1. Tell me, in nm to one decimal, what length is gained between LYS77 and GLU31 on full extension, where the rule is 0.36 nm per residue of separation less the Cα-Cα distance?
2. Could I have the simple spin-label model distance between THR102 and THR140, label points 7 Å from Cα toward Cβ, reported in nm to one decimal?
3. When Rg is the radius of gyration of the Cα atoms in the chain and Rh is its Kirkwood radius, what does Rg/Rh come to?
4. Any idea how far apart ASP168 and GLN45 come out in nm if each label point goes 7 Å out from Cα toward Cβ?
5. Once you place label points 7 Å from the Cα toward the Cβ at ARG56 and GLU152, how far apart are they in nm?
6. Based on the Cβ-Cβ distance of GLN112 and HIS187, what FRET efficiency does E = 1/(1 + (r/R0)^6) give at R0 = 22 Å, to the nearest 0.05?
7. For LYS179, list the lysines whose Cα falls under 19 Å from its own Cα; do not include residues on the same chain fewer than 8 positions away.
8. When the dipole is taken about the Cα centre of the range 1-99, and only Lys, Arg (+1) and Asp, Glu (-1) are charged at their Cβ, what size is it in debye, to the nearest 20?
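The values are calculated or read from the model by the stated rules, or taken from the named source; none is laboratory data. What you see is a predicted model; the values in this text were computed from it and never measured. Quick reminder, even Gly has a Cβ in these numbers, built from the backbone with ideal geometry, and neighbours come from all protein chains shown. What goes into the accessible areas is simple: the full protein's heavy atoms, side chains included, and nothing from ligands, DNA or RNA. Shrake-Rupley method; radii C 1.70, N 1.55, O 1.52, S 1.80 Å.
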Amino acid sequence: MFNQEDFDVFKDQTLAGRMAGVRGVIDPKFEAIAPTIKAALGQDQPVSDHIAKHLRRFKNPPMNTWIAFNQNPRGYKMTPHLMLGFWDDRLFLWLASLAEATDRDLMINRWQRLLPELVKLPSRFEISPDHMAKKSGPVTMNGLKQQLTRYETVKQADFMVGRQWLQDDDVFNHPNDLKQILVDTTHELAPFYSALVADK
C-alpha cells in the first residue's frame, strides 16, 4: 500500500532517476491496487486500467504520475475516468473529464445535470480545473458553476472532483485504513462516473 516513502521518488531531479522510481516503486503499487479500485467502481462493463507512461518526457522529470480507470481499453483521456496518483506532496483520487474529451458538449451537459448531487458530497471532497496543476477548491455550487463555465469556454480546461491526502497525513501510517478510504471514495464517486458514461 502507499506510504510516505513513496513521495521520495519525487526528490530525484533527474529524468532517469525519477522515472526509475516511478517504475520501480509507485507503478507496482498502482498495479496491486487496480483490481480493488475497478471492483469498487462497480460497472456492468469491464473496467480497464492505464498507468501513465510519460513517453513524451525527454528532459524534465514528470511532476506527477497516476493510474486511470475507464471502460475503454485503448485509452482514457478522451472519456470520463477515475484518476489515482501522486504529486510530490499529495496523493489524489479524481473523477475527471479532461480537455481531450471526445464529446465535450455532452460532458458539459451531464456535469450540469449532476451539480445538485455533487454539491451534496462531504466537505472532504474538492474540485479542480486542471489535472496538471495542484490548484483545487471546495465543492460549492458557486465553485462548481465556475469550474463548469471554465470547462465550457477554455479549450485546455478539465473538470475534476475528488479527494487529496497530503504527504504528512497520518493515514499513510495506516495502510489498511488508506486502502479502505480509497475504496470508500471510489464508491462515492461511482454514481457520478456511471452518469457520465451512460448511453446517450
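1. Full extension of this stretch gives 14.7 nm more.
2. Between THR102 and THR140, the simple spin-label model gives 3.7 nm.
3. In the chain, Rg relative to Rh is 0.94.
4. Distance between label points: 4.4 nm.
5. Between ARG56 and GLU152, the label points sit 2.8 nm apart.
6. 0.40
7. LYS29, LYS38
8. Details: 12 positive and 10 negative charges, 95 e Å.
Charge dipole, the range 1-99, about its Cα centre: 460 debye, nearest 20.
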